[in-house]
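Report on one structure; see the data block that follows.
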Amino acid sequence: MASELCKTISVARLEKHKNLFLNYRNLQHFPLELLKDEGLQYLERLYMKRNSLTTLPENLAQKLPNLVELYLHSNNIVVVPEAIGSLVKLQCLDLSDNALEIVCPEIGRLRALRHLRLANNQLQFLPPEVGDLKELQTLDISTNRLLTLPERLHLCLSLQYLTVDRNRLWCVPRHLCQLPSLNELSMAGNRLAFLPLDLGRSRELQYVYVDNNIHLKGLPSFLYNKVIGCSGSGLSVSSLVTQKSAGAAALPPGALSPVQRAHVYDCLPQALPLERDADGRAAPGNESERGQGTAPLRASEWSWNSLLGRASEDQQTMKADTWHVMGARQMEDNCEFCGLLLLHPMSADF
């Protein structure tokens with residue numbers, strides 16, 4: 001095995017390879033052959049996934065000065081050493097599935113870094129120098145032990161994808177809302193009790209996932225026209241189905257318990273208005289569906305296209321997980337039976 005490894009590295013040196021694959025080699029130490037003499041000056045991508053490495057050499061940048069991508073997924077590395085900061089051309093660093101407890105502040109010197117993956121480690125904090133990574137686009141720090149996010153994270157102006165699932169976060173710093181390029185934010189499986197009111201104000205932010213945050217009881221109004229995931233959270237049926245917002249929101253699959261779903265099935269179809277024609281007159285045949293017209297109407301300008309989506313021919317078969325709040329202009333009313341605030345779009349194009 002050792003001779004084969006040496007041969008692979010020697011060939012890469014002689015032929016000036018840009019890519020070197022050393023995955024699944026059961027390596028416990030960084031190969032000395034890589035660091036011999038001048039190293040591999042032309043190497044740009046080094047793959048060393050699924051080995052047993054515990055550390056990185058201090059002269060890594062000196063021997064591999066042109067390294068652009070470094071993949072160390074699934075090793076036993078405990079500390080990201082200071083030497084990592086000398087890889088000034090590095091754009092992608094994958095240290096997922098290691099035993100990381102410390103990320104050194106020198107990581108902030110990787111000014112060309114675009115993708116940083118530190119998922120599935122044992123990190124309790126990240127250094128504030130992460131905020132110096134101006135070109136960073138992807139940050140995955142899921143499945144760690146983080147209690148807070150880096151205090152200068154909002155300075156990562158190029159950040160587009162932030163994943164912090166399965167940590168121990170209690171809150172999200174408000175300055176996170178200042179990230180101008182953030183498109184996707186995933187915070188599932190934490191201990192969040194609330195979210196910053198400004199979260200979602202940015203037009204760039206389109207996807208937010210807060211699933212399995214059992215203490216979370218509400219969402220900022222700016223998130224109601226985003227694609228959200230909140231199954232397994234503490235959000236109530238009223239906060240999901242009816243929100244005082246001019247945006248659009250979707251009730252995600254699984255958001256209602258069986259008891260809540262039965263309640264909504266029972267109440268809401270009876271609270272829907274009569275279908276009316278262009279002149280505001282009740283359409284034929286709908287009186288019987290309304291209990292022979294005994295249920296009161298709130299206003300003649302109600303639209304049959306209610307906030308709960310298009311009703312099927314048999315209204316009782318409406319599915320809670322496909323109801324949507326639609327339309328930009330709405331009017332409010334309360335359910336006659338449960339007092340739930342309802343919003344009805346005045347004009348909706350289905």
State the number of lysine pairs found in region 8-259 whose Cα atoms come within less than 30 Å, restricting to pairs 8 or more positions apart or on distinct chains. 22
One finds, for Lys7 and Lys134 with R0 = 51 angstrom and r their Cβ-Cβ distance, a FRET efficiency to the nearest 0.05 of 0.80
In region 1-96, GluC sites (Glu not before Pro) in a DSSP loop with at most 13 other beta-carbon atoms within 10 Å: Glu15, Glu38, Glu58
Using 19 Å as the cut-off for backbone N distance, which residues of region 130-149 belong to the label zone defined by a point 7 Å from the Cα of Gln178 along Cα→Cβ? 130-137, 148-149
Gap in Å between the Cα centre of region 151-185 and the Cα centre of region 92-107? 18
The exposure ranking of Val210, Val68, Val11, fewest beta-carbon neighbours within 10 Å first, is Val11, Val68, Val210
Tell me, Tyr24, Tyr71 in order of fewest to most beta-carbon neighbours within 10 Å? Tyr24, Tyr71
For region 8-259, the Cα-Cα pair-distance distribution in 10 Å bins from 0, as whole percents, is 7, 29, 29, 19, 11, 5, 1, 0
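Just so you know, all these numbers are worked out from the coordinates, no wet-lab data involved. Keep in mind that what you see is a predicted model, and the values were worked out from it rather than measured. Note: ideal-geometry Cβ built from the backbone for every residue, glycine included; neighbour counts use all protein chains shown.
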